[in-house]
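Q: First the structure, then my questions, so here it is.
The values are calculated or read from the model by the stated rules, or taken from the named source; none is laboratory data. Treat the numbers as computed from the prediction; the structure is a model and nothing was measured. Quick reminder, even Gly has a Cβ in these numbers, built from the backbone with ideal geometry, and neighbours come from all protein chains shown.
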Amino acid sequence: METEKLYYQDPFLREFIGKVLSCEPGKTGWLVTLDRTAFYPEGGGQPADHGTLGGAAVTDVHERDGVICHTCDRPLEIGTEVSGSIDWARRFDHMQQHSGEHIISGILCDRFSCDNVGFHMGAQTVTIDYNASLTWEQVLEAEAEANRIIYRDESVQIAYPSQEELARLDYRSKKELTGQVRIVTFPGADCCACCGTHVLRAGQVGLVKVLSCQKFREGVRLEILCGKRALDFLSAVYEQDRAVGQALSVKPLDTAAAVERLTAELEAAKARMTRLEDEVFAAVAAEQTGRGDVVLFQPPMRPDGARKLADAVAGTCGGLASVFAGPEGGRFQYALVRADGADIAPLVKELNASLSGRGGGRGGFAQGSVQAERAQIEAFFAVRS
């Protein structure tokens, strides 16, 4: 006997009474069927409802051949009537996401001659796949229209047309359908075959916000948020933007321009630092002229600093230039350079083995790091001078 589907009669029904028809052990709990239920089973991209049934937690719901099966964390007595309670926050969230997806998909498919070929409602966001390329401007145009539809707050229409009526109806569907077809219509936006639960009026979606539009296979993948998810996300983004504005002493809507100015100032400072660094490295190299093999210790440097200094010193010292940059007693970054290009791989191998180092190179250049005291490093090179 097929289960009476109360969620189709009233998608806002939160509590109900049902009779237990069967209860069997399953892989992840007890599998319970009822004569009637308000629990929506997983299907059409919409996750299953959760809640409680006769005091048992309902952790999953599936449908097979018209029968709804509830996965519960404990057994229920066959033949008894039990009360069911839907996790309403979860259900309403799913209805907002699913209904918002209908609205924006209907608009995109109509305006830009594409099809919705994939829909996934994740715990954080909703993704929708379309089989045609869409620009960000086109997507934003559809987003604006979707929210206008929401503001109009027209009633959602659910119908079960006859085969003759269905043949005359222009509706969206991802696959060929047989038997009774359920048509969900959002006036002005979408007409689609769908088995999911939806809000009663477009205004209950609240808001549709597109987060991204990325190339995917032969078309694009949209990431969207609807309803409370969209509100929570935009509120978090605003709070973050407000904090950035406070740090930069500007209003939230001026943060982008402030960051651009800050980035330009940072790039100018980096360029000036590089010029000054080159001047310092040239001065240090001049001091090492003709000294042969040289070992220099420097404060911590940016990643290529040790290499640049070693290059400069190798050009003047006439031997091996070894630069170690880092805090005293800490992990030193090193760069070794021979201006004549002679292979220093054997030396680097020995250096790493003796001073707990990692790194390498080829020809006359090598770089890496060692975990050793300055005195240990100096002793290593002293016995090889």
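Q: So Gly44 ticks every box in (1) under 15 Å from Cys195 (Cα atoms); (2) modelled with pLDDT of 95 or more; (3) surrounded by fewer than 18 Cβ atoms within 10 Å (Cβ to Cβ); (4) not basic (Lys, Arg) but one. Which box is left unticked?
A: Of everything listed in (1) under 15 Å from Cys195 (Cα atoms); (2) modelled with pLDDT of 95 or more; (3) surrounded by fewer than 18 Cβ atoms within 10 Å (Cβ to Cβ); (4) not basic (Lys, Arg), Gly44 misses just condition (2).
Q: When you go through Ser235, Ser249 one by one, which is the residue that is over 23 Å from Ser212 (Cβ atoms) and surrounded by fewer than 16 Cβ atoms within 10 Å (Cβ to Cβ)?
A: None of the other options fit; the residue is Ser249.
Q: Among the listed residues Gly118, Gly51, Gly106, Gly66, identify the single one that is of a type outside the set (A, V, I, L, M, F, W, C), touching a strand residue (DSSP E or B) at 6+ places or on another chain (Cβ under 8 Å) and at pLDDT below 95.
A: Gly118
Q: Sticking with this structure for a sec: Which of the residues spanning the stretch 115-131 are touching a Gly at 6+ places or on another chain (Cβ under 8 Å) and more than 12 Å from Arg221 (Cβ to Cβ)?
A: Met121
Q: Given the structure, is Arg307 in contact with a Leu (Cβ under 6 Å, 6 or more places away or on another chain) and assigned by TED's automatic domain parsing to the domain that holds Asp278?
A: no
Q: Continuing with the same structure: Out of the residues in the stretch 359-380 that are surrounded by 16 or more Cβ atoms within 10 Å (Cβ to Cβ) and of a type in the set (A, V, I, L, M, F, W, C), which is farthest from Asp304 (Cα to Cα)?
A: Result: Phe380.
Q: Out of all the residues in the stretch 70-89, which are in contact with an Asp or Glu (Cβ under 7 Å, 6 or more places away or on another chain) and not hydroxyl-bearing (Ser, Thr, Tyr)?
A: The answer is Gly84, Ile86, Asp87.
Q: Considering only the stretch 26-33, I want to know if a residue exists there that is assigned to a helix (DSSP H, G or I), without any contact (Cβ under 8 Å) to a residue 12 or more places away in the chain, within 34 Å of the chain's Cα centre (by Cα) and closer than 29 Å to Thr127 by Cβ.
A: No - not one qualifying residue is present in the stretch 26-33.
Q: I've got another one for you. Does any residue of the stretch 250-263 turn out to be outside any helix (DSSP H, G or I), of a type outside the set (Phe, Trp, Tyr) and more than 30 Å from His120 (Cα to Cα)?
A: yes
Q: Something else: Going by what's in this entry, would Leu200 be described as of a type in the set (A, V, I, L, M, F, W, C), loosely packed, with under 15 Cβ neighbours inside 10 Å, in contact (Cβ under 8 Å) with a residue 12 or more places away in the chain and on the phi < 0 side of the Ramachandran plot?
A: So Leu200 passes the test.
Q: Related question: Select from the stretch 293-335 the residues that are in contact (Cβ under 8 Å) with a residue 60 or more places away in the chain and within 21 Å of Ala382 (Cα to Cα) and list them in ascending order. Don't jump to the end; show me each part of the working.
A: Start the filter on the stretch 293-335 by keeping residues that are in contact (Cβ under 8 Å) with a residue 60 or more places away in the chain, which leaves 293, 295, 297, 306-307.
Listed by number, the residues that qualify are Asp293, Val295, Phe297, Ala306.
Q: Can you name the condition, by its number, that Phe39 falls short on among (1) crowded, with 21+ Cβ neighbours inside 10 Å; (2) within 21 Å of Cys192 (Cα to Cα)?
A: Evaluating Phe39 over (1) crowded, with 21+ Cβ neighbours inside 10 Å; (2) within 21 Å of Cys192 (Cα to Cα) leaves (2) as the failure.
Table: residues versus (1) modelled with pLDDT of 95 or more; (2) assigned by TED's automatic domain parsing to the domain that holds Cys114; (3) within 25 Å of Asp115 (Cα to Cα).
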{"position": "His198", "(1), (2), (3)": "yes, yes, yes"}
{"position": "Val210", "(1), (2), (3)": "yes, yes, yes"}
{"position": "Cys213", "(1), (2), (3)": "yes, yes, yes"}
{"position": "Arg217", "(1), (2), (3)": "no, yes, yes"}
{"position": "Val220", "(1), (2), (3)": "yes, yes, yes"}
{"position": "Glu223", "(1), (2), (3)": "yes, yes, yes"}
{"position": "Cys226", "(1), (2), (3)": "yes, yes, yes"}
{"position": "Ala230", "(1), (2), (3)": "yes, yes, yes"}
{"position": "Leu248", "(1), (2), (3)": "no, no, no"}
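Q: Just checking, which of Val284, Val280, Val210 is part of a helix (DSSP H, G or I) and in contact with a strand residue (DSSP E or B) (Cβ under 8 Å, 6 or more places away or on another chain)?
A: Details: Val280 fails: in contact with a strand residue (DSSP E or B) (Cβ under 8 Å, 6 or more places away or on another chain); Val210 fails: part of a helix (DSSP H, G or I).
Among Val284, Val280, Val210, only Val284 is part of a helix (DSSP H, G or I) and in contact with a strand residue (DSSP E or B) (Cβ under 8 Å, 6 or more places away or on another chain).
Q: What about Ala353, is it closer than 27 Å to Ala283 by Cβ and not polar (S, T, N, Q)? Walk me through it before giving the result.
A: Details: closer than 27 Å to Ala283 by Cβ: no; not polar (S, T, N, Q): yes.
No.
Q: Mind checking which residues of the stretch 150-169 are of a type in the set (Asp, Glu) and surrounded by 11 or more Cβ atoms within 10 Å (Cβ to Cβ)?
A: Once the filter is applied, which keeps residues that are of a type in the set (Asp, Glu) and surrounded by 11 or more Cβ atoms within 10 Å (Cβ to Cβ), the stretch 150-169 yields Asp153, Glu154, Glu165.
Q: Quick one: how many residues across the stretch 335-379 are more than 44 Å from the chain's Cα centre (by Cα) and at pLDDT 95 or above?
A: Qualifying residue count, the stretch 335-379: 0.
Q: Of the numbered conditions (1) β-branched (Val, Ile, Thr); (2) more than 21 Å from Phe92 (Cβ to Cβ); (3) touching a residue at least 12 places away in the same chain (Cβ under 8 Å), Val208 fails exactly one; give the number of that condition.
A: Result: Val208 fails condition (2) only.
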